[in-house]
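Here is the structure we will look at, set down as structure tokens.
Every number here is computed from the coordinates shown, using simple stated rules; none is lab data. This is a predicted model, so every value here is computed, not measured. Quick reminder, even Gly has a Cβ in these numbers, built from the backbone with ideal geometry, and neighbours come from all protein chains shown.
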Amino acid sequence: MECKALRCLKCFRPEDFCLCSHVRKFTPRSKIIILIHPMEAKREKLGSGRITRETLENSELIMGIDFTDDKRVNELLADDRYLPLVLYPGDDSISATNPTKEQKELLSNKIPLIFAIDGTWPCAKKMMKLSSNINSLPRISFETDRVSEFLIKHQPHVKALSTIESIHVLLDDLDRNGLENLERKHDALIDVFKKMVQMQIAVATDPNRPSYRGRKMSKDRTLLIREKKNRSFILK
Ligand SMILES: [Zn+2]
């Protein structure tokens, strides 16, 4: 019988790799809703969506593929305190990086309720296609030259960030445009992400761990394989 490692109930990581003590919680003005694909929830090695949820006190994590009839999602969409948006690239998307005067007004009049999709790129596309309530929302996106901490060494041409990195860029842009008041509190997301990456390297290169991939495979190669599963956003 296989013996499964005990998991932390908050971050869902094996107890030895619990990140909860490294999380510095804060509450942004925007409310972030992470829509997580069930496969991502099960397989995700890094748990970047869950850690984002743990760090942002007013955020929520909802699992599913088609959210059209999701009770909680529809409850949030019906709440008129919010301006619901989906973090997704698109030609007409609101730019968090360089919002127009009208977009700034829009974002400041109501609390931005931002849905972020946590899944591989094909999964995210499918979730968008099936969830008509999310798909029909105005989009928000950002322009950045930042490349994932994981991908930078291997695939500099692929502009993909993990969920936690994407939320950091988004909040950073909103903050710079006076739509948040974070005083760098959002850097907690990057700090915990770095810790997560360090732990992942430790696991991948420890021959005593079951997930060790063998001496022939370099440390970098292992990371690349893992990160592929965690890719969430492809940016323009
Ligand atoms: Zn934990």
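Computed quantities for the displayed model
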{"quantity": "Computed magnitude of the charge dipole of the stretch 1-148 (debye, nearest 20; Cβ of K, R +1, Cβ of D, E -1)", "calculated": "360"}
{"quantity": "Residue order, fewest to most beta carbons within 10 Å, for M196, M63", "calculated": "M63, M196"}
{"quantity": "Burial order of peptide ranges 162-172, 29-39, 127-137, 71-81 (average beta-carbon count within 10 Å, highest first)", "calculated": "162-172, 29-39, 127-137, 71-81"}
{"quantity": "M63 long-range amide H proximity, modeled H, under 5 Å", "calculated": "I36"}
{"quantity": "For I140, distant residues with modelled amide H under 5 Å away", "calculated": "V86, L87, Y88, I94"}
{"quantity": "Given K10/K125; K10/K71; K101/K195; K101/K185; K101/K126, the pairs whose alpha carbons are separated by over 30 Å", "calculated": "K101/K195; K101/K126"}
{"quantity": "Antiparallel %, DSSP beta bridges [both residues in the stretch 1-152], to 5", "calculated": "5"}
